[in-house]
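First the structure, in the form of structure tokens, and then the observations on it.
Each reported figure results from applying straightforward, stated rules to the coordinates on display, with no laboratory input. Owing to the predicted nature of the structure, the values given are computational and were not obtained by experimental measurement. Reconstructed Cβ throughout: ideal geometry from the backbone, glycine too, with neighbour counts over all protein chains shown.
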Amino acid sequence: MPTIYDVAKKAVVSVMTVSRVINGKKDVKPETRERVLKTIEELGYVPMMI
């Protein structure tokens, strides 16, 4: 099962950026958001909701 770290590494962004995308924060560039979302889909990442 892929982790947030795997997504960050493959998308070439920080773990914090992946977290911002997952949580719908607006302070992420659209092209970065798209890359992270594409990577999430490719890897089949499912965020752990606590």
Once you charge only the Cβ atoms, +1 for Lys and Arg and -1 for Asp and Glu, what is the size of the charge dipole of the chain about its Cα centre, to the nearest 20 debye?
-> 180 debye
In the neighbourhood of ARG35 defined by beta carbon distances under 12 Å, the net charge of the other residues (Lys, Arg +1; Asp, Glu -1) is 0
Of all the C-alpha pairs in region 4-43, what % are more than 16 Å from each other?
-> 15 percent
Against the longest alpha carbon principal axis of the chain, how many degrees, from 0 to 90 and to the nearest 10, is the axis of helix 30-43 turned?
-> 10 degrees
Output ³J(HN,Hα) for region 10-24: one whole-Hz value per residue in order, computed from phi by the Karplus curve 6.51 cos²θ - 1.76 cosθ + 1.60 with θ = phi - 60°, and x for Gly and Pro.
-> 5, 7, 6, 9, 7, 4, 4, 5, 4, 4, 4, 5, 4, 8, x
For the chain, what is the mean residue ellipticity at 222 nm derived from helices alone (per DSSP H run of n ≥ 4: -39500 (n - 2.57); sum divided by total residues; nearest 500 deg cm²/dmol)?
-> -17500 deg cm²/dmol
